[in-house]
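This report refers to the structure that appears directly beneath it.
The values are calculated or read from the model by the stated rules, or taken from the named source; none is laboratory data. Computed from a prediction, not measured in an experiment: that's the story for all the values here. Backbone-built Cβ (ideal geometry, glycine too); neighbour counts: all protein chains shown. Quick note on the areas: whole protein, heavy atoms, side chains included, nothing else; ligands and nucleic acids left out. Shrake-Rupley method; radii C 1.70, N 1.55, O 1.52, S 1.80 Å.
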Amino acid sequence: MAFDSFSAFIAMEGHGPYVWACYAVFFILMIATMAGSVRSRKAVIESCRRGYEFEADRSKVAASPAPSASFTRVNVSQD
Amino acid sequence: MHPIRKKRLTIVLFLLAGLSVAVALTTYALRQNINLFYDPTQISAGEAPVDVRIRAGGMVKEGSVIRDPDSLKVEFLVTDYSASVPVEYVGILPDLFAEGQGIVAMGRLNTEGRFVADQVLAKHDENYMPPEVAGALEKASKAEGKSVTGSVKPASY
Amino acid sequence: MWQFFHKLGSPKWFFGISTRFMPWLLAGGIVLLMAGIIWGLAFAPKDYLQGNSYRIIFIHVPTAFIAQSIYIMMASAAIVTLVWRMKLADVFVKAVAPVGLALTFLALFTGAVWGKPTWGTWWIWDARLTSMLILLFLYGGVIALDRAINDEKSAARAVAVLVLVGVVNIPIIKYSVEWWNTLHQPATFKLTEKPSMPAEMWVPLLLSVLGLYLIFGWLACIRMQTEILSREQRTRWVREFVLKGRV
(Lines give C-alpha, C1' and ligand atoms only; values in the text may rest on other atoms or scores of the structure.)
Protein backbone atom coordinates (compact mmCIF):
# COMPACT_ATOMS: atom_id res chain seq x y z
CA MET A 1 0.00 0.00 0.00
CA ALA A 2 1.43 3.37 -1.02
CA PHE A 3 -0.75 5.30 1.47
CA ASP A 4 -0.85 5.34 5.28
CA SER A 5 -4.62 5.70 5.67
CA PHE A 6 -7.82 5.72 3.67
CA SER A 7 -8.15 9.49 3.96
CA ALA A 8 -4.61 9.88 2.61
CA PHE A 9 -5.64 7.64 -0.31
CA ILE A 10 -8.64 9.89 -1.05
CA ALA A 11 -6.65 13.12 -0.69
CA MET A 12 -3.63 11.92 -2.76
CA GLU A 13 -1.58 14.76 -1.27
CA GLY A 14 -3.80 17.39 -2.86
CA HIS A 15 -4.03 15.73 -6.28
CA GLY A 16 -7.19 13.82 -5.27
CA PRO A 17 -9.71 15.94 -7.20
CA TYR A 18 -7.74 15.54 -10.45
CA VAL A 19 -7.15 11.80 -10.10
CA TRP A 20 -10.67 10.94 -8.94
CA ALA A 21 -12.33 13.15 -11.57
CA CYS A 22 -10.46 11.23 -14.28
CA TYR A 23 -11.37 7.83 -12.90
CA ALA A 24 -15.02 8.85 -12.35
CA VAL A 25 -15.44 10.06 -15.94
CA PHE A 26 -13.63 6.96 -17.24
CA PHE A 27 -15.92 4.55 -15.37
CA ILE A 28 -19.12 6.45 -16.17
CA LEU A 29 -18.36 6.59 -19.89
CA MET A 30 -17.16 2.97 -20.10
CA ILE A 31 -20.19 1.62 -18.22
CA ALA A 32 -22.52 3.77 -20.31
CA THR A 33 -20.95 2.49 -23.56
CA MET A 34 -21.12 -1.14 -22.41
CA ALA A 35 -24.70 -0.89 -21.09
CA GLY A 36 -25.80 0.95 -24.22
CA SER A 37 -24.31 -1.77 -26.45
CA VAL A 38 -26.10 -4.53 -24.52
CA ARG A 39 -29.36 -2.59 -24.61
CA SER A 40 -29.27 -1.91 -28.36
CA ARG A 41 -28.56 -5.59 -29.09
CA LYS A 42 -31.62 -6.55 -27.01
CA ALA A 43 -33.69 -3.88 -28.77
CA VAL A 44 -32.76 -5.21 -32.22
CA ILE A 45 -33.66 -8.78 -31.23
CA GLU A 46 -36.97 -7.57 -29.80
CA SER A 47 -37.86 -5.57 -32.92
CA CYS A 48 -37.00 -8.58 -35.12
CA ARG A 49 -39.24 -10.81 -33.01
CA ARG A 50 -42.14 -8.37 -33.29
CA GLY A 51 -41.60 -8.19 -37.05
CA TYR A 52 -41.67 -11.98 -37.42
CA GLU A 53 -44.74 -12.34 -35.20
CA PHE A 54 -46.57 -9.62 -37.14
CA GLU A 55 -45.73 -11.40 -40.42
CA ALA A 56 -46.84 -14.74 -38.99
CA ASP A 57 -50.17 -13.25 -37.88
CA ARG A 58 -50.77 -11.66 -41.23
CA SER A 59 -50.07 -14.84 -43.17
CA LYS A 60 -52.42 -16.75 -40.85
CA VAL A 61 -55.12 -14.14 -41.55
CA ALA A 62 -54.60 -14.52 -45.29
CA ALA A 63 -54.67 -18.33 -45.15
CA SER A 64 -57.78 -18.77 -42.99
CA PRO A 65 -60.23 -15.86 -42.99
CA ALA A 66 -62.18 -15.24 -39.84
CA PRO A 67 -65.57 -17.07 -39.71
CA SER A 68 -67.60 -13.90 -39.22
CA ALA A 69 -66.69 -12.69 -42.69
CA SER A 70 -67.09 -16.00 -44.44
CA PHE A 71 -69.53 -16.84 -47.16
CA THR A 72 -69.55 -20.54 -46.48
CA ARG A 73 -72.91 -22.17 -46.67
CA VAL A 74 -74.67 -22.53 -43.37
CA ASN A 75 -77.41 -25.07 -42.99
CA VAL A 76 -80.34 -23.55 -41.24
CA SER A 77 -83.26 -25.73 -40.41
CA GLN A 78 -86.20 -25.05 -42.76
CA ASP A 79 -88.83 -26.29 -40.40
CA MET B 1 -6.52 -12.99 -56.42
CA HIS B 2 -9.18 -11.83 -58.79
CA PRO B 3 -7.88 -9.25 -61.33
CA ILE B 4 -10.58 -6.71 -60.42
CA ARG B 5 -9.64 -6.94 -56.76
CA LYS B 6 -5.98 -6.62 -57.65
CA LYS B 7 -6.76 -3.45 -59.56
CA ARG B 8 -8.80 -2.02 -56.66
CA LEU B 9 -5.99 -2.86 -54.22
CA THR B 10 -3.46 -1.04 -56.42
CA ILE B 11 -5.71 2.02 -56.56
CA VAL B 12 -6.10 2.01 -52.77
CA LEU B 13 -2.36 1.66 -52.22
CA PHE B 14 -1.61 4.47 -54.69
CA LEU B 15 -4.15 6.67 -52.91
CA LEU B 16 -2.46 6.00 -49.57
CA ALA B 17 1.05 6.57 -50.94
CA GLY B 18 0.07 9.84 -52.64
CA LEU B 19 -1.68 11.06 -49.54
CA SER B 20 1.28 10.24 -47.30
CA VAL B 21 3.67 12.13 -49.58
CA ALA B 22 1.35 15.16 -49.64
CA VAL B 23 0.98 15.21 -45.86
CA ALA B 24 4.71 14.62 -45.32
CA LEU B 25 5.60 17.57 -47.56
CA THR B 26 3.01 19.83 -45.92
CA THR B 27 4.14 19.06 -42.39
CA TYR B 28 7.78 19.41 -43.46
CA ALA B 29 7.06 22.84 -44.94
CA LEU B 30 5.16 23.90 -41.81
CA ARG B 31 7.60 22.40 -39.32
CA GLN B 32 8.57 25.74 -37.83
CA ASN B 33 4.93 26.46 -37.11
CA ILE B 34 4.28 23.00 -35.72
CA ASN B 35 7.20 23.27 -33.29
CA LEU B 36 5.70 24.45 -30.04
CA PHE B 37 8.69 26.52 -28.94
CA TYR B 38 12.07 27.90 -29.94
CA ASP B 39 15.04 26.37 -28.17
CA PRO B 40 17.85 28.53 -26.71
CA THR B 41 20.18 27.72 -29.62
CA GLN B 42 17.65 29.07 -32.13
CA ILE B 43 17.00 32.18 -30.04
CA SER B 44 20.67 33.05 -29.56
CA ALA B 45 21.26 32.45 -33.27
CA GLY B 46 18.62 35.11 -33.99
CA GLU B 47 16.07 32.75 -35.56
CA ALA B 48 13.29 33.85 -33.22
CA PRO B 49 11.48 37.14 -34.02
CA VAL B 50 11.89 40.03 -31.57
CA ASP B 51 8.82 41.51 -29.82
CA VAL B 52 6.40 38.90 -31.14
CA ARG B 53 4.58 36.50 -28.82
CA ILE B 54 6.50 33.24 -29.02
CA ARG B 55 7.33 30.33 -26.78
CA ALA B 56 10.79 29.43 -25.54
CA GLY B 57 11.60 26.05 -24.08
CA GLY B 58 14.51 24.35 -22.40
CA MET B 59 15.99 23.34 -19.07
CA VAL B 60 16.19 25.76 -16.14
CA LYS B 61 19.94 26.11 -15.61
CA GLU B 62 21.19 24.87 -12.24
CA GLY B 63 21.90 27.72 -9.83
CA SER B 64 20.51 30.41 -12.13
CA VAL B 65 17.14 31.07 -10.43
CA ILE B 66 16.99 34.47 -8.72
CA ARG B 67 13.77 35.18 -6.81
CA ASP B 68 12.93 38.78 -5.96
CA PRO B 69 12.33 38.90 -2.17
CA ASP B 70 9.56 41.56 -2.40
CA SER B 71 7.48 40.33 -5.34
CA LEU B 72 6.70 37.26 -7.43
CA LYS B 73 9.37 38.23 -9.94
CA VAL B 74 11.74 35.42 -10.94
CA GLU B 75 14.74 35.43 -13.23
CA PHE B 76 16.48 32.35 -14.56
CA LEU B 77 18.46 31.02 -17.49
CA VAL B 78 16.90 28.55 -19.92
CA THR B 79 19.48 26.29 -21.50
CA ASP B 80 19.73 23.40 -23.94
CA TYR B 81 23.35 22.73 -22.88
CA SER B 82 24.76 24.57 -25.89
CA ALA B 83 23.24 28.04 -25.46
CA SER B 84 21.17 29.79 -22.82
CA VAL B 85 18.67 32.64 -22.75
CA PRO B 86 17.78 34.82 -19.71
CA VAL B 87 14.07 34.73 -18.83
CA GLU B 88 12.12 36.99 -16.49
CA TYR B 89 8.65 36.25 -15.22
CA VAL B 90 6.21 37.70 -12.71
CA GLY B 91 3.63 35.26 -11.40
CA ILE B 92 3.04 31.89 -9.83
CA LEU B 93 5.24 29.11 -11.12
CA PRO B 94 3.91 25.56 -11.62
CA ASP B 95 4.64 23.00 -8.87
CA LEU B 96 7.10 21.14 -11.06
CA PHE B 97 9.25 24.22 -11.69
CA ALA B 98 12.76 23.57 -10.34
CA GLU B 99 16.36 23.98 -11.37
CA GLY B 100 17.30 21.31 -13.87
CA GLN B 101 13.65 20.88 -14.86
CA GLY B 102 12.22 21.48 -18.34
CA ILE B 103 9.92 24.46 -18.95
CA VAL B 104 8.09 26.15 -21.81
CA ALA B 105 7.62 29.91 -21.40
CA MET B 106 5.25 32.11 -23.40
CA GLY B 107 6.20 35.73 -23.92
CA ARG B 108 8.22 38.20 -25.98
CA LEU B 109 11.91 38.47 -26.73
CA ASN B 110 13.10 42.02 -26.17
CA THR B 111 15.84 43.81 -28.07
CA GLU B 112 18.47 43.03 -25.41
CA GLY B 113 17.90 39.30 -25.96
CA ARG B 114 15.99 38.82 -22.70
CA PHE B 115 12.80 36.78 -22.78
CA VAL B 116 9.92 38.44 -20.87
CA ALA B 117 7.47 35.66 -20.06
CA ASP B 118 3.81 36.00 -19.11
CA GLN B 119 3.20 32.26 -18.68
CA VAL B 120 5.54 29.47 -17.59
CA LEU B 121 4.56 25.81 -18.08
CA ALA B 122 6.47 22.85 -16.68
CA LYS B 123 7.61 20.12 -19.02
CA HIS B 124 8.54 16.71 -17.71
CA ASP B 125 10.13 13.76 -19.46
CA GLU B 126 8.86 10.19 -19.85
CA ASN B 127 10.89 8.85 -16.91
CA TYR B 128 8.86 7.92 -13.87
CA MET B 129 10.38 6.58 -10.67
CA PRO B 130 9.60 6.26 -6.96
CA PRO B 131 11.03 9.05 -4.74
CA GLU B 132 13.45 6.64 -3.04
CA VAL B 133 14.93 5.57 -6.37
CA ALA B 134 15.26 9.19 -7.47
CA GLY B 135 16.96 9.99 -4.15
CA ALA B 136 19.39 7.11 -4.53
CA LEU B 137 20.16 8.13 -8.13
CA GLU B 138 20.76 11.70 -7.01
CA LYS B 139 23.18 10.53 -4.33
CA ALA B 140 25.01 8.29 -6.78
CA SER B 141 25.34 11.01 -9.39
CA LYS B 142 26.41 13.59 -6.78
CA ALA B 143 29.26 11.22 -5.97
CA GLU B 144 30.16 11.35 -9.65
CA GLY B 145 29.69 15.10 -9.67
CA LYS B 146 26.73 15.33 -12.03
CA SER B 147 23.10 16.25 -11.55
CA VAL B 148 20.51 13.51 -11.80
CA THR B 149 18.10 15.12 -14.27
CA GLY B 150 20.97 16.20 -16.48
CA SER B 151 22.42 12.71 -16.57
CA VAL B 152 19.10 10.92 -17.05
CA LYS B 153 17.91 12.75 -20.12
CA PRO B 154 19.88 15.64 -21.51
CA ALA B 155 18.83 14.62 -25.03
CA SER B 156 15.21 15.75 -24.71
CA TYR B 157 16.17 19.28 -25.77
CA MET C 1 -6.01 -19.36 -47.37
CA TRP C 2 -8.50 -17.36 -49.46
CA GLN C 3 -11.22 -19.81 -48.52
CA PHE C 4 -10.66 -19.10 -44.82
CA PHE C 5 -10.60 -15.39 -45.59
CA HIS C 6 -14.00 -15.56 -47.26
CA LYS C 7 -15.44 -17.72 -44.51
CA LEU C 8 -14.31 -15.03 -42.09
CA GLY C 9 -16.53 -12.65 -44.02
CA SER C 10 -19.66 -14.68 -43.38
CA PRO C 11 -21.85 -12.87 -40.84
CA LYS C 12 -23.44 -16.11 -39.63
CA TRP C 13 -20.06 -17.74 -38.97
CA PHE C 14 -18.85 -14.65 -37.12
CA PHE C 15 -22.02 -14.52 -35.06
CA GLY C 16 -21.57 -18.09 -33.88
CA ILE C 17 -17.87 -17.85 -33.08
CA SER C 18 -18.07 -14.45 -31.35
CA THR C 19 -20.89 -15.62 -29.07
CA ARG C 20 -18.52 -18.28 -27.76
CA PHE C 21 -15.65 -15.83 -27.10
CA MET C 22 -17.60 -12.94 -25.62
CA PRO C 23 -17.97 -14.10 -21.98
CA TRP C 24 -14.22 -14.74 -21.79
CA LEU C 25 -13.36 -11.37 -23.30
CA LEU C 26 -15.63 -9.55 -20.85
CA ALA C 27 -14.53 -11.47 -17.75
CA GLY C 28 -10.82 -11.34 -18.61
CA GLY C 29 -11.04 -7.66 -19.52
CA ILE C 30 -12.76 -6.62 -16.29
CA VAL C 31 -10.36 -8.69 -14.13
CA LEU C 32 -7.21 -7.33 -15.82
CA LEU C 33 -8.42 -3.74 -15.98
CA MET C 34 -9.51 -3.67 -12.35
CA ALA C 35 -6.28 -5.36 -11.23
CA GLY C 36 -4.23 -2.79 -13.13
CA ILE C 37 -6.26 0.17 -11.85
CA ILE C 38 -6.34 -0.92 -8.19
CA TRP C 39 -2.64 -1.75 -8.25
CA GLY C 40 -1.85 1.55 -9.94
CA LEU C 41 -4.05 3.66 -7.67
CA ALA C 42 -3.29 2.16 -4.29
CA PHE C 43 -0.10 0.10 -4.43
CA ALA C 44 2.25 1.54 -7.05
CA PRO C 45 4.76 4.02 -5.58
CA LYS C 46 4.27 7.70 -6.29
CA ASP C 47 6.45 9.51 -8.82
CA TYR C 48 9.45 11.49 -7.51
CA LEU C 49 8.49 14.55 -9.52
CA GLN C 50 4.72 14.57 -10.04
CA GLY C 51 3.67 12.85 -6.83
CA ASN C 52 0.28 11.16 -7.01
CA SER C 53 -1.13 13.01 -10.03
CA TYR C 54 0.79 10.63 -12.29
CA ARG C 55 -1.68 7.87 -11.27
CA ILE C 56 -3.91 9.21 -14.09
CA ILE C 57 -1.47 7.43 -16.43
CA PHE C 58 -3.16 4.10 -15.66
CA ILE C 59 -6.21 5.19 -17.67
CA HIS C 60 -4.68 7.89 -19.87
CA VAL C 61 -2.22 5.58 -21.67
CA PRO C 62 -4.69 2.67 -22.20
CA THR C 63 -7.42 4.92 -23.65
CA ALA C 64 -5.00 6.82 -25.90
CA PHE C 65 -3.25 3.65 -27.08
CA ILE C 66 -6.44 1.72 -27.85
CA ALA C 67 -8.11 4.75 -29.46
CA GLN C 68 -5.24 4.77 -31.97
CA SER C 69 -5.15 1.03 -32.53
CA ILE C 70 -8.92 0.99 -33.17
CA TYR C 71 -8.30 3.48 -35.96
CA ILE C 72 -5.57 1.28 -37.46
CA MET C 73 -7.95 -1.71 -37.36
CA MET C 74 -10.68 0.42 -38.98
CA ALA C 75 -8.26 1.41 -41.75
CA SER C 76 -7.39 -2.26 -42.42
CA ALA C 77 -11.10 -3.04 -42.54
CA ALA C 78 -11.60 -0.12 -44.92
CA ILE C 79 -9.08 -1.64 -47.35
CA VAL C 80 -10.97 -4.94 -47.15
CA THR C 81 -14.26 -3.11 -47.83
CA LEU C 82 -12.85 -1.31 -50.86
CA VAL C 83 -10.97 -4.26 -52.38
CA TRP C 84 -13.02 -7.33 -51.45
CA ARG C 85 -16.41 -5.69 -50.71
CA MET C 86 -16.69 -7.84 -47.60
CA LYS C 87 -19.80 -7.02 -45.57
CA LEU C 88 -18.26 -7.89 -42.23
CA ALA C 89 -15.45 -5.35 -42.67
CA ASP C 90 -17.98 -2.56 -43.08
CA VAL C 91 -19.96 -3.87 -40.09
CA PHE C 92 -16.76 -3.65 -38.03
CA VAL C 93 -16.04 -0.04 -39.01
CA LYS C 94 -19.60 1.00 -38.23
CA ALA C 95 -19.67 -0.87 -34.91
CA VAL C 96 -16.37 0.31 -33.42
CA ALA C 97 -16.28 3.97 -34.53
CA PRO C 98 -18.37 5.16 -31.52
CA VAL C 99 -16.08 3.18 -29.17
CA GLY C 100 -13.07 4.90 -30.73
CA LEU C 101 -14.78 8.26 -30.26
CA ALA C 102 -15.43 7.55 -26.57
CA LEU C 103 -11.85 6.38 -25.92
CA THR C 104 -10.31 9.35 -27.77
CA PHE C 105 -12.47 11.68 -25.73
CA LEU C 106 -11.35 9.93 -22.53
CA ALA C 107 -7.68 10.20 -23.54
CA LEU C 108 -8.06 13.94 -24.19
CA PHE C 109 -10.06 14.51 -21.01
CA THR C 110 -7.70 12.61 -18.70
CA GLY C 111 -4.77 14.32 -20.41
CA ALA C 112 -6.27 17.75 -19.77
CA VAL C 113 -6.96 16.98 -16.12
CA TRP C 114 -3.43 15.59 -15.74
CA GLY C 115 -1.91 18.58 -17.51
CA LYS C 116 -3.38 21.12 -15.09
CA PRO C 117 -1.37 20.09 -11.99
CA THR C 118 1.80 19.01 -13.83
CA TRP C 119 2.27 21.41 -16.76
CA GLY C 120 0.18 24.25 -15.40
CA THR C 121 -2.40 24.29 -18.22
CA TRP C 122 -5.43 22.26 -19.32
CA TRP C 123 -4.69 22.57 -23.00
CA ILE C 124 -1.90 23.69 -25.29
CA TRP C 125 -1.85 23.58 -29.09
CA ASP C 126 1.20 21.36 -29.37
CA ALA C 127 1.53 18.74 -32.11
CA ARG C 128 0.58 15.74 -29.95
CA LEU C 129 -2.55 17.27 -28.44
CA THR C 130 -3.72 18.79 -31.73
CA SER C 131 -3.26 15.58 -33.72
CA MET C 132 -5.19 13.68 -31.04
CA LEU C 133 -8.00 16.25 -31.33
CA ILE C 134 -8.00 15.61 -35.10
CA LEU C 135 -8.46 11.89 -34.33
CA LEU C 136 -11.55 12.80 -32.29
CA PHE C 137 -12.95 14.76 -35.24
CA LEU C 138 -12.14 11.88 -37.63
CA TYR C 139 -14.14 9.46 -35.49
CA GLY C 140 -16.99 11.99 -35.36
CA GLY C 141 -16.78 12.46 -39.13
CA VAL C 142 -16.90 8.70 -39.79
CA ILE C 143 -20.03 8.34 -37.65
CA ALA C 144 -21.72 11.38 -39.21
CA LEU C 145 -20.90 10.35 -42.80
CA ASP C 146 -22.26 6.87 -42.20
CA ARG C 147 -25.53 8.28 -40.85
CA ALA C 148 -25.83 10.84 -43.64
CA ILE C 149 -25.91 8.26 -46.49
CA ASN C 150 -28.97 6.05 -46.55
CA ASP C 151 -27.83 3.48 -49.08
CA GLU C 152 -25.84 0.83 -47.22
CA LYS C 153 -23.34 0.11 -50.01
CA SER C 154 -22.53 3.71 -50.89
CA ALA C 155 -22.23 4.55 -47.19
CA ALA C 156 -19.76 1.69 -46.72
CA ARG C 157 -17.54 2.92 -49.57
CA ALA C 158 -17.65 6.59 -48.62
CA VAL C 159 -16.83 5.75 -45.00
CA ALA C 160 -13.98 3.46 -46.06
CA VAL C 161 -12.40 6.25 -48.15
CA LEU C 162 -12.71 8.73 -45.27
CA VAL C 163 -11.17 6.25 -42.82
CA LEU C 164 -8.26 5.60 -45.20
CA VAL C 165 -7.62 9.30 -45.77
CA GLY C 166 -7.54 9.86 -42.01
CA VAL C 167 -5.04 7.09 -41.34
CA VAL C 168 -2.11 9.43 -42.14
CA ASN C 169 -2.91 11.10 -38.83
CA ILE C 170 -1.86 8.01 -36.87
CA PRO C 171 1.92 8.20 -37.55
CA ILE C 172 1.67 11.95 -36.92
CA ILE C 173 0.21 11.30 -33.45
CA LYS C 174 2.82 8.65 -32.71
CA TYR C 175 5.90 10.54 -33.86
CA SER C 176 4.76 14.11 -33.09
CA VAL C 177 6.73 14.07 -29.83
CA GLU C 178 9.90 13.09 -31.71
CA TRP C 179 9.61 15.15 -34.89
CA TRP C 180 8.71 18.46 -33.28
CA ASN C 181 9.13 20.33 -30.01
CA THR C 182 6.08 19.57 -27.88
CA LEU C 183 5.05 20.08 -24.29
CA HIS C 184 3.94 16.44 -24.19
CA GLN C 185 6.67 14.03 -23.14
CA PRO C 186 7.76 11.08 -25.38
CA ALA C 187 6.17 7.64 -25.01
CA THR C 188 6.75 5.62 -21.87
CA PHE C 189 6.30 2.27 -23.61
CA LYS C 190 8.41 1.62 -26.67
CA LEU C 191 8.50 -1.59 -28.64
CA THR C 192 12.27 -1.77 -28.89
CA GLU C 193 13.42 -0.48 -25.51
CA LYS C 194 12.52 -1.32 -21.97
CA PRO C 195 9.91 0.99 -20.45
CA SER C 196 11.21 4.17 -18.82
CA MET C 197 9.67 3.34 -15.45
CA PRO C 198 10.29 0.64 -12.84
CA ALA C 199 8.37 -2.66 -12.92
CA GLU C 200 6.05 -1.75 -10.03
CA MET C 201 4.75 1.06 -12.27
CA TRP C 202 4.76 -0.51 -15.73
CA VAL C 203 3.26 -3.88 -14.79
CA PRO C 204 -0.05 -2.34 -13.60
CA LEU C 205 -0.01 -0.08 -16.67
CA LEU C 206 0.44 -3.11 -18.94
CA LEU C 207 -2.40 -4.93 -17.11
CA SER C 208 -4.81 -2.06 -17.64
CA VAL C 209 -3.83 -1.74 -21.33
CA LEU C 210 -4.47 -5.48 -21.87
CA GLY C 211 -7.71 -5.34 -19.85
CA LEU C 212 -9.07 -2.41 -21.84
CA TYR C 213 -8.07 -4.22 -25.05
CA LEU C 214 -10.16 -7.25 -24.05
CA ILE C 215 -13.11 -5.04 -23.10
CA PHE C 216 -12.79 -3.37 -26.50
CA GLY C 217 -12.88 -6.87 -28.06
CA TRP C 218 -16.10 -7.61 -26.22
CA LEU C 219 -17.61 -4.26 -27.21
CA ALA C 220 -16.63 -4.84 -30.85
CA CYS C 221 -18.26 -8.31 -30.83
CA ILE C 222 -21.53 -7.24 -29.23
CA ARG C 223 -21.87 -4.13 -31.39
CA MET C 224 -21.07 -6.08 -34.57
CA GLN C 225 -23.69 -8.67 -33.59
CA THR C 226 -26.27 -5.90 -33.19
CA GLU C 227 -25.41 -4.51 -36.61
CA ILE C 228 -25.46 -7.98 -38.22
CA LEU C 229 -28.86 -8.82 -36.70
CA SER C 230 -30.43 -5.62 -37.97
CA ARG C 231 -28.91 -6.02 -41.47
CA GLU C 232 -29.68 -9.72 -41.90
CA GLN C 233 -33.15 -9.86 -40.40
CA ARG C 234 -34.61 -11.22 -43.66
CA THR C 235 -32.40 -14.33 -43.52
CA ARG C 236 -33.55 -17.64 -42.16
CA TRP C 237 -30.71 -18.03 -39.62
CA VAL C 238 -31.48 -14.71 -37.92
CA ARG C 239 -35.16 -15.67 -37.80
CA GLU C 240 -34.25 -18.96 -36.16
CA PHE C 241 -31.89 -17.25 -33.73
CA VAL C 242 -34.49 -14.68 -32.70
CA LEU C 243 -37.35 -17.15 -32.33
CA LYS C 244 -35.43 -20.13 -30.93
CA GLY C 245 -32.39 -18.48 -29.36
CA ARG C 246 -29.63 -20.39 -31.16
CA VAL C 247 -27.57 -20.07 -34.31
Those residues that are within 18 Å of the chain's Cα centre (by Cα) and touching a residue at least 60 places away in the same chain (Cβ under 8 Å), I need them from region C:80-97; list them, please.
C:88, C:89, C:90, C:91, C:92, C:93, C:94, C:95, C:96
The one condition in (1) within 17 Å of the chain's Cα centre (by Cα); (2) within 30 Å of residue B:129 (Cβ to Cβ) that residue C:224 fails to fulfil:
(2)
Condition test on residue B:15, is it without any contact (Cβ under 8 Å) to a residue 24 or more places away in the chain and closer than 16 Å to residue C:167 by Cα?
yes
For region C:51-93, give me the residue count where each residue is in contact with a His (Cβ under 7 Å, 6 or more places away or on another chain) and open to solvent by less than 10 Å² (accessible area, probe 1.4 Å).
2
From B:78, B:133, B:87, B:50, which residue is among the β-branched types (Val, Ile, Thr) and closer than 30 Å to residue A:2 by Cα?
B:133
Any idea which of C:35, C:42, C:75 is aliphatic (A, V, I, L, M) and over 23 Å from the mean Cα position of the chain (by Cα)?
C:42
Those residues of region C:101-126 which are open to solvent by 10 Å² or more (accessible area, probe 1.4 Å), in a helix (DSSP H, G or I) and closer than 20 Å to residue C:166 by Cα amount to C:101, C:102, C:105, C:108
Return yes when residue C:63 is hydroxyl-bearing (Ser, Thr, Tyr), in the same structural domain as residue C:164 (by TED's automatic domain parsing), under 27 Å from residue A:1 (Cβ atoms) and within 22 Å of the chain's Cα centre (by Cα) and no when it is not.
yes
From the list C:146, C:47, C:126, which residue is within 21 Å of residue A:15 (Cα to Cα), among the charged types (D, E, K, R) and out of contact with any Cys (no Cβ under 9 Å at 6 or more places or on another chain)?
C:47
Counting only residues that are away from chain C (no Cβ under 14 Å) and at pLDDT below 90, how many does region B:80-89 have?
4
Residues in region C:196-209 that are at the interface with another protein chain (Cβ under 9 Å from one of its Cβ atoms) and open to solvent by 30 Å² or more (accessible area, probe 1.4 Å): how many?
3
The lone condition residue B:31 fails out of (1) modelled with pLDDT of 85 or more; (2) surrounded by 11 or more Cβ atoms within 10 Å (Cβ to Cβ) is (1)
Inspect all residues belonging to region C:163-171 and state whether any of them is part of a loop (DSSP other than H, G, I, E, B) and either of a type outside the set (Lys, Arg) or in the same structural domain as residue C:40 (by TED's automatic domain parsing) (or both).
yes
